[in-house]
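Notes follow the structure.
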Amino acid sequence: MNPYPFLKDNIEYLQRTGNPIFQWLSTRPFNEEMLKTRLYRNEFGLHDWRMDNGKGMFESLPPEGLYGNWLHPEKAGTSATFVVGCNLGYGINHLLTKTPDTHKVMLLEPRSEMLLACLGQTDYRPFFENKKFHLLVPDERFLSEVIRNLDLQFIYGQIHLKSDIPSRQLGPEYARWATWLRNKLENFSLELSTLRHRQDVMVGNEIDNFAKAMRDGSLKSMEGRGAGVGAVILGAGPSLETMAPLLKEKMGHVLYTCALQTIPSLQGLGIKPHLCAAIDYDESMLKVYERLDPDFVQDVPLVYSTKINPLVLKRYPGPTLPLWTVGGVGTYVLKDRDLVLDAGGNVSVTLSRFLRYCGVSHLLLAGQDYAWINGRSHSGGHHNHTTDFKRRSWHQTTRNLDGEEILTTVQYMTAKRELEDDLKQSEFPIFNLYGGGVPIEGTTVVDVDTAYTKGILASAPGAVEGFLRDLNGCRHTVPPLRMEPRSPMWTNSMRNAEKHLAKLFKDLKGNQQAIHEALNRVELFMKQDPLYGPYLFNEIVDMAGLTRAKYAYESKDLGEFKRIAKSMLRKVREIDRKVCLPASEQAVA
């Protein structure tokens with residue numbers, strides 16, 4: 001009797017549909033002998049898997065009752081569940097059969113033989129076919145992309161993570177992947193919350209900055225211009241006050257970079273950066289000017305996210321260079337003519353990605369603490385510097401390199417993990433002047449003396465000067481970007497859609513399918529223009545709520561559609577006024 005009756009059919013389906021997991025399985029060695037000898041029926045008459053210690057996975061953990069708490073009825077139809085570890089399919093099958101068809105089940109199984117054993121016990125083709133069941137490749141980039149595509153589940157449902165207890169008996173990789181996924185889901189939830197509530201402000205700022213950014217130049221030519229340059233990213237953590245005096249004695253010959261907010265601290269400590277960066281979009285950034293000496297920065301280039309508050313940009317006394325970032329109007333319309341960078345949620349991440357784009361030879365971090373140290377959140381001079389420390393509900397505890405308990409926050413840890421993920425992609429060595437905060441994986445801890453004697457504070461002769469000349473050369477006008485205003489066409493299309501829907505809503509019961517199809521067409525129309533799409537993020541998400549989070553339409557849904565359409569057309573007209581400029585106001589060649 002074939003112990004794996006469904007393996008061939010499932011594998012052939014995955015191969016025929018080009019599923020990435022098939023390629024992963026094809027390149028992964030697996031122990032064929034295990035598949036032949038490890039599967040057996042235990043004393044309860046259930047299929048079981050004999051582990052290396054000779055015991056069955058379910059000898060002490062019978063599946064009955066193990067997976068009852070895996071079901072979450074609230075918003076189940078618009079939710080998703082990540083599962084780490086499939087065993088022989090008991091938990092997966094419980095989810096697949098006990099949740100609505102629209103509930104997504106995402107399986108991560110790091111052991112190829114276990115995935116094959118699971119695929120051999122159940123015919124999963126119907127669940128693959130209706131896009132309910134998804135097999136995930138154990139690869140961080142692949143998983144990050146999967147998570148980013150679950151925005152509607154985050155907004156209109158819930159995301160659950162289940163670490164399979166029987167599978168965790170097999171090895172530590174199951175716990176490691178569960179921790180990684182939990183952190184990544186937490187990161188994306190925070191990012192999406194920011195987008196949902198603040199995208200209008202960020203892209204609104206970008207539209208207001210558009211004409212100036214076009215005149216300020218382009219950073220695209222900086223690709224690879226950092227060859228031979230050693231770079232330093234100076235953070236505003238409390239340890240900066242300890243590290244800066246030591247660095248001042250042995251400055252070396254490297255490119256010093258920092259956030260705009262860090263400059264007041266650095267001036268007090270006697271260090272002047274070669275360039276600074278700003279990405280924060282809100283008005284709190286204006287507080288930096290309460291402490292910023294305009295004479296000190298008049299020759300320090302500011303690399304600014306085009307999403308920053310226009311007043312921050314207007315008040316900066318030095319040279320400015322625009323950085324177009326993912327999620328804004330430049331995402332698609334400027335990707336071929338300019339640098340469009342994923343800025344991340346922290347300036348250190350932005351600088352790391354920019355310096356990697358420039359191709360610097362090595363990187364040194366300083367003042368990157370991501371924690372409260374001795375009751376302080378930032379170095380002196382920073383506008384968020386606080387000393388009257390009181391523990392709050394949002395604080396978390398972690399440990400420093402000495403094993404001592406220190407306080408941090410979700411935001412700090414999210415930023416730290418994002419920086420770590422970015423550093424993993426760097427082809428150059430990264431060093432850290434560690435000052436007692438949260439350890440940063442992927443960096444080599446050094447002190448200032450070691451950094452100086454080992455050449456970490458050195459660059460190739462003339463490399464820094466050449467880099468700064470090239471950076472200054474970016475400050476030229478760019479060719480005109482001519483875009484035709486399209487609000488008249490959008491207005492006409494939405495007026496017709498509204499009239500059509502008004503007729504359909506007169507017979508709600510008989511026109512449910514027709515209403516859904518009409519709303520789907522509007523949703524596709526809203527997404528089709530790469531210039532308007534980023535500013536319409538919230539309207540597109542709201543429209544998806546009507547097309548993908550509704551099971552029956554009510555009369556009030558027509559009013560919701562009208563609200564979305566009105567907001568959308570207002571934004572389209574705003575872009576036409578501020579971005580689709582007449583030739584006389586556009587950048588000239």
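Things worth noting here:
- Of everything in segment 173-212 that is among the aliphatic types (A, V, I, L, M), more than 23 Å from Glu145 (Cα to Cα) and open to solvent by 20 Å² or more (accessible area, probe 1.4 Å), the residue that is farthest from the chain's Cα centre (by Cα) is Ala211.
Conditions tested, residue by residue: (1) of a type outside the set (Asp, Glu); (2) touching a residue at least 60 places away in the same chain (Cβ under 8 Å); (3) touching a strand residue (DSSP E or B) at 6+ places or on another chain (Cβ under 6 Å).
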residue: Ile430; (1), (2), (3): yes, yes, yes
residue: Lys454; (1), (2), (3): yes, no, no
residue: Cys474; (1), (2), (3): yes, yes, yes
residue: Trp490; (1), (2), (3): yes, yes, no
residue: Lys503; (1), (2), (3): yes, no, no
residue: Phe525; (1), (2), (3): yes, no, no
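- Only one of the numbered conditions (1) closer than 23 Å to Ile147 by Cα; (2) at pLDDT 95 or above is not met by Glu74, and that is (2).
- In segment 487-513, the residue that is farthest from Gly330 (Cα to Cα) out of those that are among the hydrophobic types (A, V, I, L, M, F, W, C) and loosely packed, with under 15 Cβ neighbours inside 10 Å is Ala502.
- Inclusion of Asp542 among residues that are free of Cβ contacts under 8 Å to residues at least 12 places away in the same chain and not basic (Lys, Arg) is not warranted.
- Strands (runs of 3 or more DSSP E) fully within segment 377-452 counting 2 or more residues that are of a type in the set (Val, Ile, Thr), open to solvent by less than 40 Å² (accessible area, probe 1.4 Å) and modelled with pLDDT under 85: 405-409
- Residues within segment 252-291 that are closer than 12 Å to Ile233 by Cα and open to solvent by 10 Å² or more (accessible area, probe 1.4 Å), tallied: 2
- Any hit, segment 551-566, residues being closer than 24 Å to Ile207 by Cβ and touching a Phe, Trp or Tyr at 6+ places or on another chain (Cβ under 7 Å): no
- Verdict on Gly157 being open to solvent by less than 20 Å² (accessible area, probe 1.4 Å) and of a type outside the set (Lys, Arg): yes
- Any hit, segment 111-119, residues being more than 19 Å from Trp24 (Cα to Cα) and open to solvent by 10 Å² or more (accessible area, probe 1.4 Å): no
- Hits in segment 453-471 - residues which are open to solvent by 40 Å² or more (accessible area, probe 1.4 Å), assigned to a helix (DSSP H, G or I) and either basic (Lys, Arg) or farther than 20 Å from Leu246 by Cα (or both): Glu465, Leu468, Arg469, Asp470
- If you go through segment 340-369 and pick out every residue that is outside any helix (DSSP H, G or I) and within 18 Å of the chain's Cα centre (by Cα), you end up with 7.
- Flag for Leu107 being within 29 Å of the chain's Cα centre (by Cα), aliphatic (A, V, I, L, M), assigned to a strand (DSSP E or B) and within 22 Å of Pro20 (Cα to Cα): yes
- The criterion of at least 3 residues that are in contact with an Asp or Glu (Cβ under 8 Å, 6 or more places away or on another chain) is met by the following helices (runs of 4 or more DSSP H) wholly inside segment 492-589: 537-548, 556-578.
- Options Asp336, Asp369: the member that is open to solvent by less than 20 Å² (accessible area, probe 1.4 Å) and charged (D, E, K, R): Asp369
- Counting the residues of segment 321-331 that are open to solvent by 10 Å² or more (accessible area, probe 1.4 Å) and either modelled with pLDDT of 95 or more or hydroxyl-bearing (Ser, Thr, Tyr) (or both) gives 1.
- Among the conditions (1) closer than 20 Å to Gly318 by Cα; (2) open to solvent by less than 50 Å² (accessible area, probe 1.4 Å); (3) modelled with pLDDT under 95, Met243 misses just one, which is (1).
The values are calculated or read from the model by the stated rules, or taken from the named source; none is laboratory data. Keep in mind the model is a prediction, meaning the values are calculated, not measured. Here Cβ is always computed from backbone atoms with ideal geometry, including for glycine, and neighbour counts include all displayed protein chains. Protein only, heavy atoms only, side chains kept; ligands, DNA and RNA dropped before computing areas. Shrake-Rupley method; radii C 1.70, N 1.55, O 1.52, S 1.80 Å.
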